[in-house]
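Worksheet: the structure to be examined is printed underneath.
Only the coordinates and a few stated rules stand behind these numbers; no lab work does. The structure presented is a predicted model; accordingly, all values stated were derived computationally and were not measured. Because the Cβ atoms are built from the backbone with ideal geometry, glycine has one as well, and the counts that use them run over all protein chains shown.
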Ligand SMILES: [Zn+2]
C-alpha cells in the first residue's frame, strides 16, 4: 500500500469539473509523482469526453492532446491515476472501473483511481489488489490534502503504510526528502524515460479509460406458451433477460408468493424457471432481480383450466361442419 497526497488545487479542479456537470459523467487523468511511500497528485488533465448510452470515454483526440502536452512539457509529472464521476449512486469500484484500474496497474502498482459523486458530495481513492482483483478503498489515514505552500508529505507519511495492504516497494525507493539532488543533467534521463512510459501508457490506455454508466437493473420476462390460460399439468417455461445494474444479480422466482428458486448470477444475464401447473384457478408467478442497489420485479397471472375440457371441446365424429360444404 501507499499514501496519497493530493494538492488542494487538484481536488478543487476535480470537484469543479464534476460539479459543473451533475448530469454527465466526467473523466480525467491525475498527474504527479511517487516520492517514498507517497503518491503525490499535483494536477489533473482532461479533455473532450464522448458520452454513449452506457459509457463515457476520453476521445482519441483528447488522448493525443494530452500526450502532446506531456512531450512539450506543458504537463508536468507522470500519469499516476485517473478520476471519474458517479452520478448519484455513490463511490465504489464498478466491474469496468476494476478492469480499467487493472489495465493501468500493469504499468505500475502505484496508480490510483479517484471516484467522485458530486450529488452525494463523496470522494474515494481506490486501488485494486492485483491478485484477488478486489478493490481497496484507501482509508482516511492514508490520504492527505496539501495546500500550495505546504509540504506534500506530512510527517506521519514517513512511517511505512499499514502492512496489510502492502505492495512490493518501488524498485527505486527514494528517501522521503532528497537532501543532495543530483545535477539536473543526470536527473533528466530517468525523467524522459518516465515521460515516455506515460505516453505509451496513454496510447495503450486510450481504449480503456472509460467508465460505466449505471442504469437500474431490469429484465425482459418471456414465457412459453405465450398465453395466460394453460391446462392443468402443462409446463410454463419462463426466461428473464436481465439488463442494467451490476452483476452479481440475485434472482428469485415465486409461485403465489412462495419462494421456489433463488439463484445468484455472476456471469451471464438470464434466469429461467419452469412451472408445471399443479392446481386449478389463478396462479401468480413472480420474478424478482436485484443487484444490491436496485430491484426489479414482475408478476404474471395465469388461469389454469382443467384438461378435461379438451374432450368436451372436440367435435363429435361425423358431426356437420358448421361452415358448410
Ligand atoms: Zn465508476
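When residues of segment 211-255 are filtered for being surrounded by 19 or more Cβ atoms within 10 Å (Cβ to Cβ) and out of contact with any strand residue (DSSP E or B) (no Cβ under 7 Å at 6 or more places or on another chain), how many remain?
2
Please count how many residues of segment 76-92 are out of contact with any helix residue (DSSP H, G or I) (no Cβ under 8 Å at 6 or more places or on another chain) and either farther than 12 Å from residue 45 by Cα or within 10 Å of the ligand (Cβ to nearest atom) (or both).
7
Is it true that residue 77 is surrounded by 15 or more Cβ atoms within 10 Å (Cβ to Cβ) and at positive phi?
Taking the combined requirement at face value, the residue satisfies it.
Pick from 71, 58, 39: which is in contact with a strand residue (DSSP E or B) (Cβ under 8 Å, 6 or more places away or on another chain), touching a residue at least 40 places away in the same chain (Cβ under 8 Å) and more than 23 Å from residue 141 (Cβ to Cβ)?
One residue alone meets the criteria, 58.
Quick check on residue 153: is it more than 25 Å from residue 294 (Cα to Cα), buried (at least 21 other Cβ atoms within 10 Å of the Cβ) and in contact with a strand residue (DSSP E or B) (Cβ under 9 Å, 6 or more places away or on another chain)?
No.
When you go through (1) surrounded by fewer than 18 Cβ atoms within 10 Å (Cβ to Cβ); (2) in contact with a strand residue (DSSP E or B) (Cβ under 6 Å, 6 or more places away or on another chain) one by one for residue 20, which number turns out not to apply?
Unmet for residue 20, out of (1) surrounded by fewer than 18 Cβ atoms within 10 Å (Cβ to Cβ); (2) in contact with a strand residue (DSSP E or B) (Cβ under 6 Å, 6 or more places away or on another chain): (2).
Please find, within segment 93-106, the residue that is farthest from the ligand (Cβ to nearest atom) out of those that are under 26 Å from residue 294 (Cβ atoms) and in a helix (DSSP H, G or I).
102
The rows are residues; the columns are (1) in contact (Cβ under 8 Å) with a residue 40 or more places away in the chain; (2) part of a strand (DSSP E or B); (3) within 11 Å of residue 296 (Cα to Cα); (4) away from the ligand (no atom under 16 Å from the Cβ).
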residue	(1), (2), (3), (4)
220	no, yes, yes, yes
230	yes, yes, no, yes
245	yes, no, yes, no
250	yes, yes, yes, yes
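Please indicate, with yes or no, whether at least one residue in segment 116-132 is within 13 Å of the ligand (Cβ to nearest atom), in contact (Cβ under 8 Å) with a residue 12 or more places away in the chain, in contact with a helix residue (DSSP H, G or I) (Cβ under 9 Å, 6 or more places away or on another chain) and in a helix (DSSP H, G or I).
No, because not a single residue in segment 116-132 is within 13 Å of the ligand (Cβ to nearest atom), in contact (Cβ under 8 Å) with a residue 12 or more places away in the chain, in contact with a helix residue (DSSP H, G or I) (Cβ under 9 Å, 6 or more places away or on another chain) and in a helix (DSSP H, G or I).
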